[in-house]
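K.L.:
Have a look at this one.
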Amino acid sequence: MAPPKVYKNFINGEWVDSVSRESFENLNPANHGELIGLFPHSTPEDVNRAVAAAREAFRCWRLMPAPKRGEILYRAARLLQERKEAMAEQMTMEMGKVLAETRGDVQEAIDMTFYMAGEGRRQFGQTTPSELANKFAMTVRSPLGVCGMITPWNFPMAIPSWKIMPALICGNTVVIKPAQDTPLSTYNLVQVLEEAGIPRGVVNLVCGFGREVGVPMVDHQDVRAVSFTGSTEVGRAVSIGCAPTFKPVCLEMGGKNAMIVMDDANLELALEGAVWGSFGTTGQRCTATSRIIVHKEIYPHFCELLVDRARALRVGNGLDKSVQMGPLVNESQVKTVDGYVQIGKSEGAKLLTGGERLADGDHASGWFYAPTIFGDCQPRMRIVQEEIFGPVVSLIPVGSFEEALDVGNDVVYGLSSAIYTRDVNKAFHAMRDLETGIVYVNAPTIGAETHLPFGGVKQTGNGHREAAITALEFYSEWKTLYIDYSDRLQRAQIDNQ
Ligand code: NAD
């Protein structure tokens, strides 16, 4: 048997081992006997080296004209396009989602890289007349310095690109820690940036775990901002870690996203959306549809049709083109999902289909779970309130549109929501009143595009938005400039009265 491939960290423009010389395994969730590679089990000392390199590189990178920085990003985007298929296959092998979805993940990175490359020529500030004569005023964006980034495993190339590309175009340097379950896709992204000509030290990759890499990165005094995507629990710890030094921190966390299906909806469209929203990426999306709130007039019929579709889904290895749903990412996710299924049963929700691990035949060596639907759920049940992050969806019957909105808003999260209706008035009321950062009308809760702001309210986020032009707000600070060409002291608020 060939020895496993050994991957390295990328620090100061070089591929290097961790100072620990230890490694961790990256396994295929569809076949956990298959080792994808060994990755460096990094230590706080590796973080120190990466931050020192990024700090040094910041001196020059911040002075490179933004359009020139954009040219490097354009080259990177083209390389990603060339390698899309191979990178998607590798991502399916390390993360499990089906090829159509991993192609989408790489495409999102391509879109984000092209988009931010263009921002190199669009970092507009403001100019305004001063209140004083012969005086000029304007604002410019300034980079922050070294940005620390911590990412989850469910979008292992797209999410790193959402953070790295806007940070770079604004003139910051980067230290990124990918999730330990999926380091290869982030490795591939960083390798592309290297080949595109990113100067040494500007982007640094440190693989490893939260305690040894994430925590020291958050605490490091030379890290000037932290961007985190992951669970609300870890996000809270990251936020607390940033508080003593008032480090800006962008948090993108959990969701418990609801789809409302009204009695006037196009039922076929709503069903298609429900299947894609609930079981796409095996339910492991922050925007996954995990609650379906259905008007009671159509509830029995909707349940029946949705159960038929869920049962027909082909679950298996995502590299197989006929497969529609891949495995969960690891054993611990299987246990979490199964734990919630037991909770649902004990709470009195009606298990309509699924509710079991798939472990026979083709599923024997993977982390597979059956598409699961609970019916007759009550809004306050734990399976309706807490993020499960698996292929489990709860159906909640309601008697009116107003009740549907109340139930939709009755969770601590606020990432995404959807409403299926043909009534324009209801659609506009829902767009206004649903407490989420993203609202879809006649489309499922998933499907973000890179040129629109992405993020959530309540305990999903802390007020920032990723993607689009809004991402620049986090990765730059406004500097206000006053230029007095009067040749005399002019006092604002005093001399012009
Ligand atoms: P997680 O919170 O367990 O881990 C996220 C990252 O944080 C990993 O890289 C992990 O190693 C690191 N980490 C763990 N402990 C840390 C600590 N104490 N300090 C610093 N870093 C630490 O999340 P996950 O299981 O990788 O991802 C699933 C979660 O991510 C879900 O809750 C999901 O909703 C959320 N998510 C949110 C969005 C969004 O944009 N809102 C997108 C994708 C995923």
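The values are calculated or read from the model by the stated rules, or taken from the named source; none is laboratory data. Here the structure is a predicted model, which means the values were calculated and not measured. Note that we place each Cβ from the backbone using ideal geometry, even for glycine, and neighbour counts take in every protein chain shown. We work out accessible area using only protein heavy atoms, side chains counted, and drop any ligands, DNA or RNA first. Shrake-Rupley method; radii C 1.70, N 1.55, O 1.52, S 1.80 Å.
Each row is one residue, and each column tells you yes or no for (1) without any contact (Cβ under 8 Å) to a residue 40 or more places away in the chain; (2) more than 16 Å from the ligand (Cβ to nearest atom); (3) open to solvent by less than 10 Å² (accessible area, probe 1.4 Å).
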position	(1), (2), (3)
Val393	no, no, yes
Gly399	no, yes, no
Ser416	no, no, yes
Ile419	no, yes, yes
His429	yes, yes, no
Arg432	yes, yes, no
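K.L.:
Working only within the stretch 85-102, note down all residues that are assigned to a helix (DSSP H, G or I) and surrounded by 17 or more Cβ atoms within 10 Å (Cβ to Cβ).
P.N.:
Met87, Ala88, Gln90, Met91, Thr92, Met93, Glu94, Met95, Leu99, Glu101, Thr102
K.L.:
Considering only residues that are touching a Pro at 6+ places or on another chain (Cβ under 8 Å), under 21 Å from Glu94 (Cβ atoms) and open to solvent by less than 40 Å² (accessible area, probe 1.4 Å), which ones fall in the stretch 1-19?
P.N.:
Tyr7, Asn9, Ser18
Here is a yes/no grid of residues against (1) touching a strand residue (DSSP E or B) at 6+ places or on another chain (Cβ under 7 Å); (2) surrounded by 18 or more Cβ atoms within 10 Å (Cβ to Cβ); (3) more than 30 Å from Ile494 (Cβ to Cβ):
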position: Arg21; (1), (2), (3): no, no, yes
position: Ala53; (1), (2), (3): yes, yes, yes
position: Cys60; (1), (2), (3): no, no, yes
position: Ile72; (1), (2), (3): no, yes, yes
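K.L.:
Then there's this: So Val192 ticks every box in (1) within 14 Å of the ligand (Cβ to nearest atom); (2) closer than 30 Å to Thr282 by Cα but one. Which box is left unticked?
P.N.:
It is condition (1) that Val192 fails.
K.L.:
Could you tell me whether the stretch 284-303 includes any residue that is away from the ligand (no atom under 12 Å from the Cβ) and of a type in the set (Lys, Arg)?
P.N.:
yes
K.L.:
Within the stretch 462-476, work out how many residues are of a type outside the set (A, V, I, L, M, F, W, C) and either assigned to a loop (DSSP other than H, G, I, E, B) or not assigned by TED's automatic domain parsing to the domain that holds Glu108 (or both). Let's see the steps before the verdict.
P.N.:
At the first step, the residues of the stretch 462-476 found to be of a type outside the set (A, V, I, L, M, F, W, C) are 462-466, 470, 473, 475-476.
With the extra rule that they be either assigned to a loop (DSSP other than H, G, I, E, B) or not assigned by TED's automatic domain parsing to the domain that holds Glu108 (or both), the set shrinks to 462-465, 470.
Of the residues in the stretch 462-476, 5 are of a type outside the set (A, V, I, L, M, F, W, C) and either assigned to a loop (DSSP other than H, G, I, E, B) or not assigned by TED's automatic domain parsing to the domain that holds Glu108 (or both).
K.L.:
Being open to solvent by less than 10 Å² (accessible area, probe 1.4 Å) and under 30 Å from Arg432 (Cβ atoms) is the requirement here; does Val411 meet it?
P.N.:
Here the answer is no, as Val411 does not meet what is asked.
K.L.:
Can you work out which of the residues in the stretch 354-383 that are over 18 Å from Gly316 (Cα atoms) and within 16 Å of the ligand (Cβ to nearest atom) is least open to solvent (accessible area, probe 1.4 Å)?
P.N.:
Ile383
K.L.:
So, Ser231, is that one open to solvent by 30 Å² or more (accessible area, probe 1.4 Å) and of a type outside the set (Phe, Trp, Tyr) or not?
P.N.:
Answer is yes for this residue.
K.L.:
Looking at the stretch 447-472 only, could you name the residues that are more than 11 Å from the ligand (Cβ to nearest atom) and open to solvent by less than 40 Å² (accessible area, probe 1.4 Å)?
P.N.:
Within the stretch 447-472, Thr450, Ala468, Ala471, Leu472 qualify.
K.L.:
Considering only residues that are among the aromatic types (Phe, Trp, Tyr) and under 22 Å from Gly118 (Cα atoms), which ones fall in the stretch 451-491? Break it down into steps so the answer makes sense when it comes.
P.N.:
Looking only at the stretch 451-491, we keep the residues that are among the aromatic types (Phe, Trp, Tyr), and these are 454, 474-475, 478, 482, 485.
Scanning the stretch 451-491 gives Phe454, Phe474, Tyr475, Trp478.
K.L.:
Let me ask another. Which one of Gln284, Gln324 is touching a helix residue (DSSP H, G or I) at 6+ places or on another chain (Cβ under 9 Å), touching a residue at least 40 places away in the same chain (Cβ under 8 Å), under 27 Å from Gly366 (Cβ atoms) and open to solvent by 20 Å² or more (accessible area, probe 1.4 Å)?
P.N.:
The match here is Gln324.
K.L.:
Conditions: (1) more than 21 Å from Tyr475 (Cβ to Cβ); (2) within 11 Å of the ligand (Cβ to nearest atom); (3) touching a strand residue (DSSP E or B) at 6+ places or on another chain (Cβ under 8 Å). Asn154 meets all but one. Number of the miss?
P.N.:
With respect to (1) more than 21 Å from Tyr475 (Cβ to Cβ); (2) within 11 Å of the ligand (Cβ to nearest atom); (3) touching a strand residue (DSSP E or B) at 6+ places or on another chain (Cβ under 8 Å), Asn154 is out only on (3).
K.L.:
So, one more: In the stretch 327-353, what residues are away from the ligand (no atom under 16 Å from the Cβ) and either within 16 Å of Leu271 (Cβ to Cβ) or within 22 Å of the chain's Cα centre (by Cα) (or both)?
P.N.:
Passing the criteria: Leu352, Thr353.
K.L.:
Next question. From Glu212, Glu194, which residue is open to solvent by 40 Å² or more (accessible area, probe 1.4 Å), over 24 Å from Gly171 (Cα atoms) and either part of a helix (DSSP H, G or I) or outside the structural domain of Gln378 (by TED's automatic domain parsing) (or both)? Break it down stepwise before answering.
P.N.:
Details: Glu194 fails: over 24 Å from Gly171 (Cα atoms).
Testing whether each residue is open to solvent by 40 Å² or more (accessible area, probe 1.4 Å), over 24 Å from Gly171 (Cα atoms) and either part of a helix (DSSP H, G or I) or outside the structural domain of Gln378 (by TED's automatic domain parsing) (or both) leaves just Glu212.
K.L.:
In the list Thr139, Thr127, which residue meets the criterion of being over 29 Å from Val218 (Cα atoms) and open to solvent by 60 Å² or more (accessible area, probe 1.4 Å)?
P.N.:
The unique qualifying residue is Thr127.
K.L.:
Here's something else I'd like to know. Give just the number: which of (1) surrounded by fewer than 17 Cβ atoms within 10 Å (Cβ to Cβ); (2) over 30 Å from Val407 (Cα atoms); (3) near the ligand (Cβ under 8 Å from one of its atoms) does Met217 not satisfy?
P.N.:
The single condition Met217 does not satisfy is (1).
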